[in-house]
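Let me begin by presenting the structure, written as structure tokens, before commenting on it.
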Amino acid sequence: MELRAKIGELFAGQLGKIKDLHLREKVVEIWAKAAQKGGWKADDLEKIPFTLLVDTKGISLIDHTIAVTEGALGLANSMREQYEVMPFEINYDWLIAGGLLHDVGKLLEIERGEEGYRRSRYGRCARHPISGAIIVAEAGLTEEVVNIVACHSKEGEGRPKRVETVLIHHADFATFEPISMLDKGLLIL
């Protein structure tokens with residue numbers, strides 16, 4: 001299966017929530033470009049681990065990306081429903097696109113080696129928030145979406161952020177920390 005078609009299929013539920021059709025297409029295009037640049041084929045996408053820092057227990061980059069996107073949407077919807085007065089606007093298209101793109105740089109950061117997955121040379125030179133932000137900016141997406149990708153992890157500490165960036169950041173760490181704690185024997189089961 002061709003990369004763009006596979007990506008569209010994998011993220012169909014989330015892509016369908018993006019109202020801006022141009023933005024929806026750009027998200028798929030960016031994923032396909034990053035996958036191609038990283039040397040990945042369509043059949044590889046569901047096998048790539050979402051991190052190299054711990055045993056992911058089989059959770060893939062695709063699984064993680066969807067969980068982060070849906071988690072951030074849940075937080076946004078909860079605030080919208082519970083806050084009597086919303087003190088800021090949440091751009092749902094940017095939130096979803098940012099969720100789907102927040103770790104796209106991992107397609108460059110990770111490679112498959114003889115003994116499994118490892119950090120690539122590209123990944124040793126620049127972590128995924130940097131490489132992802134570059135790809136997103138080169139594709140012509142808004143500075144707001146670039147902010148989500150660039151600042152969703154430690155690279156964004158102390159930097160100005162969009163509310164969508166804050167939501168993606170917390171959804172990202174909420175899905176990473178339990179796996180990390182489990183791996184270290186710190187998660188109470």
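The values are calculated or read from the model by the stated rules, or taken from the named source; none is laboratory data. The structure presented is a predicted model; accordingly, all values stated were derived computationally and were not measured. Neighbour counts are summed over all protein chains in view; Cβ atoms, including those assigned to glycine, are modelled from backbone coordinates with ideal geometry.
Look at the range 89-117: where a residue is on the phi < 0 side of the Ramachandran plot and part of a helix (DSSP H, G or I) and a partner is of a type in the set (F, W, Y) and surrounded by fewer than 24 Cβ atoms within 10 Å (Cβ to Cβ), sitting 6+ places away or on another chain with Cβ atoms under 8 Å, you get L100/F11; K106/F50; L107/W40; L108/Y122; E109/Y122.
In this structure, G74 does not qualify as part of a loop (DSSP other than H, G, I, E, B), of a type outside the set (D, E, K, R), over 22 Å from S131 (Cα atoms) and out of contact with any Gly (no Cβ under 8 Å at 6 or more places or on another chain).
Residue selection: R112 fails the criterion of being surrounded by fewer than 17 Cβ atoms within 10 Å (Cβ to Cβ) and within 26 Å of L21 (Cα to Cα). With the condition kept exactly as written, say whether any residue in the range 135-144 is surrounded by fewer than 16 Cβ atoms within 10 Å (Cβ to Cβ), out of contact with any strand residue (DSSP E or B) (no Cβ under 8 Å at 6 or more places or on another chain), at positive phi and outside any helix (DSSP H, G or I). The answer is yes; a qualifying residue exists. For the range 1-13, a residue qualifies if it is assigned to a loop (DSSP other than H, G, I, E, B) and surrounded by fewer than 19 Cβ atoms within 10 Å (Cβ to Cβ), and the qualifying residues are M1, E2. Remark: pairs (first residue in the range 14-32, crowded, with 19+ Cβ neighbours inside 10 Å; second residue small (G, A, S) and part of a loop (DSSP other than H, G, I, E, B); Cβ separation under 6 Å; 6+ apart in sequence or on different chains) = K26/A139; I30/A139. Look through the range 35-58, keep the residues that are closer than 30 Å to K184 by Cβ and of a type in the set (G, A, S), and return whichever of them is surrounded by the fewest Cβ atoms within 10 Å (Cβ to Cβ). So, considering only residues that are closer than 30 Å to K184 by Cβ and of a type in the set (G, A, S), the one surrounded by the fewest Cβ atoms within 10 Å (Cβ to Cβ) is G58.
Identify, please: which residue in the range 148-189 is touching a Pro at 6+ places or on another chain (Cβ under 8 Å) and more than 16 Å from T51 (Cβ to Cβ) and is, among those, surrounded by the fewest Cβ atoms within 10 Å (Cβ to Cβ)? The extreme case among them is G156. Is there a residue in the range 147-163 that is of a type in the set (A, V, I, L, M) and farther than 15 Å from L73 by Cα? Yes, because at least one residue in the range 147-163 is of a type in the set (A, V, I, L, M) and farther than 15 Å from L73 by Cα.
For the structure I just gave you, tell me whether W40 is among the aromatic types (F, W, Y) and in a helix (DSSP H, G or I). Against the criterion (among the aromatic types (F, W, Y) and in a helix (DSSP H, G or I)), W40 does not qualify. Pairs meeting the criteria (first residue in the range 172-189 and closer than 15 Å to S153 by Cβ, second residue surrounded by 14 or more Cβ atoms within 10 Å (Cβ to Cβ) and aromatic (F, W, Y), beta carbons under 9 Å, at least 6 apart or on different chains) are T175/F50; F176/F50. Kindly establish whether M79 is surrounded by fewer than 20 Cβ atoms within 10 Å (Cβ to Cβ), part of a helix (DSSP H, G or I), free of Cβ contacts under 8 Å to residues at least 40 places away in the same chain and hydrophobic (A, V, I, L, M, F, W, C). The answer is yes for M79. When the criteria are applied in full, A174 meets the requirement of being under 24 Å from L10 (Cα atoms) and either modelled with pLDDT under 95 or touching a Gly at 6+ places or on another chain (Cβ under 7 Å) (or both).
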